[in-house]
Amino acid sequence: MKKSLLFSVFASALIFGGCSNIKVSDAVYCVQIDPLKKAFKEEMYFEENTDAVAVAKGENATFQFVFRSVYPVTDLKIEAGSLTKGEQKIDAGLKAFVGYIRAGKHTGNHSKDAVFPVSDYYPDCLNDEEMIDVPPMSNQPVWVSYAIPKDADAGDYTAEIVLTGKTGGKPFRVVKSVKSKVFDVVVPEQTLMVTNWFFGSLSKMNNDDKVEPYSDRYWELMTELAHIMRDHGQNVYLFPGVPSLCDAKLTDGKYAFDFTNFDKTIELFLKEGNMKRIEGGHLGGRSGKWESEFVVSVPGVGARPIENDTARLFLSQFFPALYQHLESKGWADIYMQHIADEPTDQNAASYIKITEFVKKQMPGTKIIDAVMSRKLANTVDIWVPILDHFHHDYDFYRERKAAGDEVWYYTCTGPQGNYANRFLEQPLVQMRILHWLNYRYGATGYLHWGFNSWDLSTTGDLANDNEDWPGGDCWIVYPAYGKVKSSIRLEAMLDGIRDYELLKLLEQKSPDKAKELAASIVKDFDRYQSNIRIFRATRLKLLEACSSDL
């Protein structure tokens, strides 16, 4: 590993100014850096990291570079050669220019590891345009990843990544040689349950033109959403307003339900999204302020308490019909039902009443919710506490697991402070550590509310909804016409999911070793080893342990 400075390039610019006699080779700068490093616009120093990228079979080998030029650059293009070992060749998957977005609002209680660039712009979106222009003296991160096949040969691979373009009226060509070491271990099939709540208002993927629900265009764009979620480890999907998907109609006190759109939606995600579990949308919400009682939503009527005859009439007909339909389709075992979001001690009683009523209509169906109360024992089946509650009530959740319940966890606008989350201001390694937390504390699932909450904002250069939420909370992907763009945060979380599965694999061979490695990264719920070099060294130990006989 060697260190590189941009200063020599800046000095050339100061000495020669706009002189035409400056060499192109002196004007263009490119350095390889760790993919977990966020390269800020105004940053002037980078460590060049040419170490071989260590990977298992079935995951991505990712390389990142920082490109910069004294002069304006036009037509910057990425040419990525195959990763090669003898006759084995692995073609590049994603080639992208990392785009910047302004955080806008930050957390009120930020992490000790948080970073606040002067510009307030953070690298995030992975733009897969064929070529771009780059302003002078501006950092442009470049991202290239290779999907390593599960049947690839183990060993050392090399590739050449070439950047071409024009600057000062002259063409240039920068060649970077990269290395990857593929270990003789395959990432196991994913067992970690992952759900990011997604939104079906798809106009941002359609040049801001309205997309009619259930139209041909709607299904096209929904398929694109399913693909990017599937390709990044999502295997649980929330379908908001399940009753509305089932088109309830009331005639003479009797409801009729049309499951056509429900079936088509589920079938799409089963086929295109690798769906393992179905989340039935929340039945209702709070009747008023945060501590108020929960009420249920009745189609065509509105919110009603569970004691209300209209509410009970609807639910007593809807859920038996739904349950019978799920059984007929073979989906009953993977269906879970939300009641209401984030129940607290103050409104737990109303939550329990609704749940008891629903369970009578759908015997055996698991209840899942983001929870903020321990009063729901023997009511909730899949507990999803926010991370800091999981921390402080850890003994309780261990008891719930011992009793046969599932325990996941979630993050959203909180927790803040030193807890890992998806905020732009946090180090990228902490997005990956989210799933080391899953392993360390036995949480078998992860939930976040904001996969693509684009319609709350213009999604221009601001990463939140009118500064009501911290930058990075509302979405982790970006819309483009007819498609969805990934982000470096989403890529880091995908790598974390694969880390989780490798830790589970190692656990089968050496539980103590797996626990030791996890504890060296996650020292406590809110204390982590965020140093990139140390994280990489630990992950190398994980790969070595998984691929050895121990």
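In segment 49-72, which residues are among the β-branched types (Val, Ile, Thr) and assigned to a loop (DSSP other than H, G, I, E, B)? I'd like the intermediate steps shown before the answer.
Pass one, segment 49-72, residues among the β-branched types (Val, Ile, Thr): 50, 53, 55, 62, 66, 70.
Matches in segment 49-72: THR50, VAL70.
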Here the qualifying pairs (Cβ atoms under 9 Å; residues six or more apart or on different chains; first in segment 102-121 and modelled with pLDDT under 95 and among the β-branched types (Val, Ile, Thr); second open to solvent by 50 Å² or more (accessible area, probe 1.4 Å) and part of a loop (DSSP other than H, G, I, E, B)) come out as THR107/GLN416; VAL118/LYS41; VAL118/GLU42
Scanning segment 36-48 residue by residue, the ones that are part of a loop (DSSP other than H, G, I, E, B) and open to solvent by 20 Å² or more (accessible area, probe 1.4 Å) total 6
Checklist line | Yes/no for LEU424 being closer than 25 Å to LYS401 by Cβ and modelled with pLDDT of 95 or more | finding: no
Expected output for segment 517-544 (first residue among the small types (Gly, Ala, Ser), partner assigned to a helix (DSSP H, G or I), Cβ below 7 Å, 6+ apart or cross-chain) is ALA518/TRP436; ALA518/TYR439; ALA518/ARG440; ALA518/LEU503; ALA519/ARG440; SER520/THR538; SER530/VAL429; SER530/GLN430
All-but-one check, ASP75 against (1) more than 20 Å from GLN426 (Cα to Cα); (2) of a type in the set (Asp, Glu); (3) in contact with a Pro (Cβ under 7 Å, 6 or more places away or on another chain), failing number (3)
Filtering strands (runs of 3 or more DSSP E) wholly in segment 147-226 for at least 3 residues that are within 30 Å of ASN438 (Cα to Cα) and open to solvent by 30 Å² or more (accessible area, probe 1.4 Å) gives 170-186
Of the residues in segment 490-529, those that are of a type in the set (Ser, Thr, Tyr) and within 30 Å of ASN127 (Cα to Cα) come to TYR500
With criteria (1) out of contact with any Cys (no Cβ under 8 Å at 6 or more places or on another chain); (2) assigned to a strand (DSSP E or B), ILE101 comes up short on (1)
Within segment 120-146, the residues that are open to solvent by 10 Å² or more (accessible area, probe 1.4 Å) and farther than 23 Å from VAL477 by Cβ are ASP133, PRO135, PRO136, MET137, SER138
Among residues of segment 77-101 being under 30 Å from LEU462 (Cβ atoms) and charged (D, E, K, R), the residue most open to solvent (accessible area, probe 1.4 Å) is LYS95
Regarding segment 73-90, can at least one residue be identified that is at pLDDT 95 or above, of a type in the set (A, V, I, L, M, F, W, C) and part of a loop (DSSP other than H, G, I, E, B)?
no
By residue number, the members of segment 319-346 that are hydrophobic (A, V, I, L, M, F, W, C) and either under 33 Å from the mean Cα position of the chain (by Cα) or farther than 28 Å from MET275 by Cα (or both) are PHE319, LEU322, LEU326, TRP331, ALA332, ILE334, MET336, ILE339, ALA340
Result of the Cβ filter at 6 Å on segment 59-73, keeping first residues that are closer than 30 Å to PRO188 by Cα and partners that are charged (D, E, K, R), at least 6 apart or interchain, is GLU59/ARG498
In segment 380-412, anything part of a loop (DSSP other than H, G, I, E, B), over 26 Å from the mean Cα position of the chain (by Cα) and closer than 16 Å to ASP524 by Cα is listed as none
Taking segment 239-276 and keeping residues free of Cβ contacts under 8 Å to residues at least 24 places away in the same chain and assigned to a loop (DSSP other than H, G, I, E, B) leaves ASP247, ASP252, ASP258
How many residues of segment 507-533 are open to solvent by 80 Å² or more (accessible area, probe 1.4 Å) and of a type outside the set (D, E, K, R)? The answer is 1
Checking LEU502, LEU490 in turn, the sole residue that is farther than 21 Å from TYR100 by Cβ and either touching a Lys or Arg at 6+ places or on another chain (Cβ under 6 Å) or surrounded by 19 or more Cβ atoms within 10 Å (Cβ to Cβ) (or both) turns out to be LEU502
Just one listed residue, out of HIS435, HIS448, is in contact with a helix residue (DSSP H, G or I) (Cβ under 7 Å, 6 or more places away or on another chain), modelled with pLDDT of 95 or more and open to solvent by less than 10 Å² (accessible area, probe 1.4 Å), and it is HIS435
In the set TYR394, TYR351, TYR410, the lone residue that is within 24 Å of TYR500 (Cα to Cα), modelled with pLDDT of 95 or more and in contact with a Leu (Cβ under 8 Å, 6 or more places away or on another chain) is TYR410
message: With the structure loaded, tell me whether ASP258 is at positive phi, of a type in the set (Asp, Glu) and over 28 Å from the mean Cα position of the chain (by Cα) or whether it fails that test.
response: no
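Can you pull out the strands (runs of 3 or more DSSP E) entirely within segment 438-550 that have at least 3 residues that are in contact with a Ser or Thr (Cβ under 8 Å, 6 or more places away or on another chain)?
445-448
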Restricting segment 65-92 to residues that are hydroxyl-bearing (Ser, Thr, Tyr) and out of contact with any helix residue (DSSP H, G or I) (no Cβ under 9 Å at 6 or more places or on another chain), the one farthest from SER180 (Cα to Cα) turns out to be THR74
Flagged pairs (Cβ under 6 angstrom, 6 or more apart or on separate chains; first in segment 359-378, among the hydroxyl-bearing types (Ser, Thr, Tyr); second part of a strand (DSSP E or B)) are THR365/GLN337
Flagged in segment 497-550 as out of contact with any Phe, Trp or Tyr (no Cβ under 8 Å at 6 or more places or on another chain) and of a type in the set (Val, Ile, Thr), in numbering order, are ILE497, ILE532, ILE534, THR538
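The values are calculated or read from the model by the stated rules, or taken from the named source; none is laboratory data. This is a predicted model, so every value here is computed, not measured. All Cβ positions, even for glycine, are placed from backbone atoms using ideal geometry, and neighbour counts span all protein chains on display. For the accessible areas, the whole protein counts, side chains as well, though only heavy atoms, and no ligand, DNA or RNA atoms are used. Shrake-Rupley method; radii C 1.70, N 1.55, O 1.52, S 1.80 Å.
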